[in-house]
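Asker: Sending over a structure as structure tokens; questions will come in a sec.
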Amino acid sequence: MVKLSPDLEQMVKGMIDTHIHVYPEISLKVPNAAEDQVWLAEAVAAGISAVCLKSHYWPTVDKAYTLGSLFPEIGVYGGIVLNSTVGGFNPFAVRVAVENGAKIVWFPTWSAKHDGEKGGYSSRVASLYGNIPPASLTVVDDHNRLLPEVEEILQIIAQSDIALATGHLSVPESKFLIRAAREKGINKIVFTHALTGFINASIEDQKEIADLGAVIEHCFIATLPMHQQLSRHKLVESIRAVGAERCLISSDAVFAWNPTPPQMLRMFVATLRETGLTPAEIDSLARQNPAFILGIDRRDL
């Protein structure tokens, strides 16, 4: 486990990671840093209070239920990503996921049209599986109107009071979706990994999206050498410009070449503190705002 000073160790306790990829993710042939039950035991030992599991392929509610039963000391939550493997914009898949405890509905990642245009995660999926369903999903029709099935999904999210995350949609498309979500009464919205290369939202875009009512997500994986080597100073500049009270941090942990999710979260906290963020700002980023997104009573942190 990454060594931290006593004050940072205390800061980690009660933190929440809303974006952790399960194993298997892309394939059994592509390992993560540790199997889910191994890193979850690390999270319990570190005092992390809750995690949300993500898969680009399948709902994670069943895995969250099983792991939560094995580790009752920590909140383990699941969600669904609206890629081709679940039927894309499939209201019934969302209803079933919500009925079984989903806390976040991510809009398409590798199936998003924007992801395909930018050579995002869809290129990694294609490298393993070859001929895959085209990355063509967009939330609007040819007349720039919200698709009826997307309207229905927003209605389900609103009625269930869970969170919407924008996935790998483009910045303009994310803004369109967030406006529509707010009109439907959705209050828990995450603008997914704002500074990841194929999203790369400007500070002005991030401010506008936060003004619309979304929380801006920043992921530690983007800072790592085998990802995009995002500058910690650029990351902190974005957080400070938007306001820590309107952002959250997560690991976005996946693949064997990065540390385990709890270690990534600990490293993230140490990096942000070293780069000048205050304990109060880190509390907003890693406890208060993730708790809001997952519907956790903040008094329990």
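Asker: Among E35, E217, which comes first, second and so on when ranked by fewest other beta-carbon atoms within 10 Å?
Answerer: With the sparsest Cβ surroundings first, the list reads E35, E217.
Asker: Below 14 Å Cα-Cα, how many Lys pairs turn up in the stretch 6-300? Only count pairs eight or more apart in sequence, or on different chains, if you could.
Answerer: Summing the qualifying lysine pairs gives 5.
Asker: Using Cβ counts within 10 Å as a stand-in for footprinting exposure, how do S122, S284 rank, fewest first?
Answerer: S284, S122
Asker: If you scale each eigenvalue of the Cα gyration tensor by 5 and take the root, what three semi-axes come out for the stretch 6-300, rounded to whole angstrom and sorted largest first?
Answerer: Value: 26, 21, 20 Å, ordered largest first.
Asker: Give me the net charge for the shell around I156: Cβ to Cβ below 11 angstrom, other residues only, Lys and Arg +1, Asp and Glu -1.
Answerer: Local net charge: -3.
Asker: Using the Cα gyration tensor of the stretch 28-154, with a ≥ b ≥ c the square roots of its eigenvalues, what is the shape: rounded (a/c below 1.5), prolate (a/b larger than b/c) or oblate (neither)?
Answerer: Since a/c reaches 1.5 but b/c is at least a/b, the shape of the stretch 28-154 is classed as oblate.
Asker: Follow-up. If you build the Cα gyration tensor of the stretch 238-301 and take the root of 5 times each eigenvalue, what three semi-axes come out, in whole angstrom, biggest first?
Answerer: Computed over the stretch 238-301, the values are 20, 16, 10 Å.
Asker: A follow-up question, please. Assuming R0 = 35 Å, what is the FRET efficiency of D141 and F92, from their Cβ-Cβ distance, to the nearest 0.05?
Answerer: The computed FRET efficiency comes out at 0.95.
Since every read-out is calculated from the coordinates, none of them should be taken as a lab result. Only a predicted model underlies this, so the values are computations on that prediction, with no experimental measurement involved. A quick note on method: Cβ atoms are made from the backbone with ideal geometry, for glycine too, and the neighbour counts reach across all protein chains shown.
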